Every structure is written in C-alpha cells, then in structure tokens.
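Here is the structure we will look at.
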Amino acid sequence: MDFGERYPRSVVLRQAYEQAARASVVLGDDNAALEWGKRALRVLPENPFLLTMMADLASRHGQHQLAETSASTPMAASARRLPSARPSNGRAASWRAPATCVLCHNPHPDDPARNEKSPKVALDSDDMCLQCHQSLRDHPGRHTRHAVASDASRCVSCHMPRNMDALMLRARSHEIDEIPDAEMIARFGEAESPNACLACHRDKDVRSLAGSMAA
C-alpha cells in the first residue's frame, strides 16, 4: 500500500508523489518517475515544478501526447526559468549530463568573503563550459554567431541569460541547457518565455528571430 492509498486525503499527497517522481529520476528509474509524476499532476495539474520534468521524460520515452500536454502550458514555459523546477542537484545532473553545481563552483573557496559566488574559474568565463564542450573552443564564432570574445559571444549570454528575478537584481538562469526558442515566445509571449536574443536585440521580433535561428 503506497502513501496515497493509506492517506488519500493528506494535504501533502501531491508533494509525496512529486518527491517520489524526482527520487526515481535520480535513481535512474524513468518509468517509475513517469508514473509518480502522473499521480502528482492528477492532484495539481498546473504544477510548474513538475511539468518541465515530465515533458522531458515523456518525450525521451516516446510518450508524445504526455510530453506535448506537459510542455504546452504557460506554467511550464514559466517554470523553465525557475531553479526550484529542477531537482536539487541540478536539472542537467538528473536528466541530461553529469553537470552539477560543483562542476563550476567551489563550495569551500579559499576566501569566501571576497568570492561569494565561488566560481572555479573567472566569473562568466567560457572555460566553465569549455571544460566539457571542448570541440567549440577553436572556432566559437561558428557556434555563437557573434564576434569572438564579445559579450554576446559568451556561453552564458545565450544559455544562462539574466531572466530571473532575484531580490536585488536580474539573476542568471541556471537552466544551462536553455536555448533561444522562437516557437516558445510566439506561443506564450516574452513575459512568460523570455528569450536571450530579444533581450539584447530589442529592434527584432519573433519572426526575425525564427528566421535567424533557422539560418
């Protein structure tokens, strides 16, 4: 008997199912994660902290209707830029690649008072990304489509844009695998699905973005 059968009226039923789904992902059991995730979404269908994970898992396992349903809500689009929409050890770590916080940050820096963000290399340096993506090191302009060494050519400018509301500033997204997506902004608008390209190119619109991304 699982928690839901034993306590069907529990106020933490959704949280219990969601945690079971996330634990299953960490353990590598995607099928169990999908099942627990479905139960959680039956309790709270517009769960922004679970929809993006379910869309990703469902698409990888050929459950295209579930993937489309999970990804096509404004809440899912908004949740893509929330750190709490990912497992605590990072979305990429649990779903995509062996990337965790300590790959880029040192939890015990020598001088924490002067190095609050504790990056292992210079802040915003491409070396954070190129330590894994070494094939892009020699000809970065081919990938970024911007002048080499310019701010626009930095990895973080596109893949970790400043589109999150922190207490005192606009913080960088730590989605990491975030890619400018013209279709998402056309569907939900820039407020719900902020786009790194249009944040800089204010004179452009979604149609020009779609054309340049397809080129």
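The values are calculated or read from the model by the stated rules, or taken from the named source; none is laboratory data. For clarity, every value in this text was computed on a predicted model and none was experimentally measured. Cβ placement follows ideal geometry from the backbone for every residue including glycine, while neighbour counts extend to all protein chains displayed.
Going by the structure shown, is Gly37 touching a helix residue (DSSP H, G or I) at 6+ places or on another chain (Cβ under 6 Å), among the small types (Gly, Ala, Ser) and modelled with pLDDT of 80 or more? Criteria met by Gly37.
Would it be correct to say that Asp127 is of a type outside the set (A, V, I, L, M), touching a helix residue (DSSP H, G or I) at 6+ places or on another chain (Cβ under 8 Å) and modelled with pLDDT of 80 or more? No, not satisfied. Each residue in segment 30-43 was checked for being loosely packed, with under 14 Cβ neighbours inside 10 Å and either farther than 19 Å from Tyr7 by Cβ or hydrophobic (A, V, I, L, M, F, W, C) (or both), and 1 of them qualify. In this entry, Ser135 is excluded by the filter for residues that are assigned to a loop (DSSP other than H, G, I, E, B) and among the hydroxyl-bearing types (Ser, Thr, Tyr).
Restricting attention to segment 110-136 and to residues that are charged (D, E, K, R) and surrounded by 13 or more Cβ atoms within 10 Å (Cβ to Cβ), the residue that is farthest from Pro180 (Cα to Cα) turns out to be Lys120. The residues on offer are Ala182, Ala147, and the sole one that is free of Cβ contacts under 8 Å to residues at least 12 places away in the same chain and aliphatic (A, V, I, L, M) is Ala147. If you filter segment 180-196 down to residues that are of a type in the set (Gly, Ala, Ser) and surrounded by 18 or more Cβ atoms within 10 Å (Cβ to Cβ), you find that the one that is nearest to His159 (Cα to Cα) is Ala196. The condition (being surrounded by fewer than 20 Cβ atoms within 10 Å (Cβ to Cβ), of a type outside the set (Gly, Ala, Ser) and modelled with pLDDT under 55) is satisfied by just one residue among Pro74, Pro48: Pro74. Taken across segment 148-170, residues that are more than 17 Å from the chain's Cα centre (by Cα), of a type outside the set (Lys, Arg) and closer than 30 Å to Met54 by Cβ do occur, with at least one present. If the condition is being in a loop (DSSP other than H, G, I, E, B) and either under 17 Å from Ser212 (Cα atoms) or acidic (Asp, Glu) (or both), then segment 143-164 contributes Arg145, His146, Ala147.
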